[in-house]
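The values are calculated or read from the model by the stated rules, or taken from the named source; none is laboratory data. In this text, all values refer to a predicted model and were calculated from it rather than measured experimentally. We place every Cβ from the backbone using ideal geometry, glycine too, and count neighbours over all the protein chains shown.
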Amino acid sequence: MAQIIPKKYPIDSEDRKAVGFDFPFSGDAVFNQTFQTRDQIKANLINYLLTNKGERVFNPDFGADLRNLIFQNIDDPTLESLRETIQSYISIYFPSVSVREIKFNNKPERNEINFILTYQIQNFGITDNIDILLQ
């Protein structure tokens, strides 16, 4: 007889085993641990999007390099470039994540780019979002 297996990463089956660390680094022992893969995927996305190329030691190609866009005019072509950059990098470096929507809430007079990234973890149907402010 067939048995339905819940869609779950194998590492998530152990409740007390940490998967990784979360942001910000302000826990009791500096690192806040994550115990679910969905939380670690969110932390990895935030880490990737907020890292510039060349900042990561021994991995100079890591990062989305989004802060370089702050010094450009915040207009429709810049926002479209940002949207395409985010979607392409996530599809390359996070194949289990698909971007559903990117909404902008910018303040050009303060030179701030604020976007909300809504994504879905494929094969699990988990939808979540990230609010990123670049200034």
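Yes/no matrix, rows are residues, columns are (1) under 29 Å from GLY125 (Cβ atoms); (2) of a type in the set (Ser, Thr, Tyr); (3) exposed (fewer than 14 other Cβ atoms within 10 Å of the Cβ); (4) modelled with pLDDT of 85 or more:
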| site | (1), (2), (3), (4) |
| --- | --- |
| ASN47 | yes, no, no, yes |
| ASN59 | no, no, yes, yes |
| LEU66 | yes, no, no, yes |
| PHE71 | no, no, yes, no |
| ARG83 | yes, no, no, yes |
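Look at (1) within 21 Å of GLN72 (Cα to Cα); (2) of a type in the set (A, V, I, L, M, F, W, C); (3) within 13 Å of the chain's Cα centre (by Cα) and you find that PHE104 fails only one, number (3). In the stretch 112-126, of all residues being surrounded by 13 or more Cβ atoms within 10 Å (Cβ to Cβ) and either of a type in the set (S, T, N, Q) or under 19 Å from PHE62 (Cα atoms) (or both), the one that is nearest to the chain's Cα centre (by Cα) corresponds to THR118. If the condition is being part of a strand (DSSP E or B) and farther than 11 Å from VAL97 by Cβ, then the stretch 119-129 contributes only ASN129. The residues of the stretch 70-118 that are in a loop (DSSP other than H, G, I, E, B) and under 15 Å from LEU45 (Cβ atoms), listed by number, are PHE94, PRO95, SER96. Would you be able to say whether some residue in the stretch 87-100 is out of contact with any helix residue (DSSP H, G or I) (no Cβ under 9 Å at 6 or more places or on another chain), β-branched (Val, Ile, Thr), surrounded by fewer than 16 Cβ atoms within 10 Å (Cβ to Cβ) and at pLDDT 85 or above? So far as the stretch 87-100 goes, yes, one or more of its residues are out of contact with any helix residue (DSSP H, G or I) (no Cβ under 9 Å at 6 or more places or on another chain), β-branched (Val, Ile, Thr), surrounded by fewer than 16 Cβ atoms within 10 Å (Cβ to Cβ) and at pLDDT 85 or above.
Report, by residue number, each residue of the stretch 14-35 that is among the charged types (D, E, K, R), modelled with pLDDT of 75 or more and over 13 Å from ASN47 (Cβ atoms).
Of all residues in the stretch 14-35, those among the charged types (D, E, K, R) come to 14-17, 22, 28.
Going one step further and asking which of them are modelled with pLDDT of 75 or more, we end up with 17, 22.
Listed by number, the list holds a single entry, LYS17.
Contact map, the stretch 12-27: first residue in a strand (DSSP E or B), second residue at pLDDT 70 or above and of a type in the set (Gly, Ala, Ser), Cβ cut-off under 6 Å, separation 6 or more or different chains; pairs are ASP22/ALA43; PHE23/ALA43.
Being of a type in the set (Val, Ile, Thr) and closer than 17 Å to LEU133 by Cβ is the filter; apply it to the stretch 15-74 and report the residue that is farthest from the chain's Cα centre (by Cα).
Step one: filter the stretch 15-74 for residues of a type in the set (Val, Ile, Thr), giving 19, 30, 34, 37, 41, 46, 51, 57, 70, 74.
So of that shortlist, the ones also closer than 17 Å to LEU133 by Cβ come out as 46, 51, 70, 74.
Details: ILE46: 4, THR51: 11, ILE70: 19, ILE74: 22 Å.
Once the filter is applied, the top-ranked residue is ILE74.
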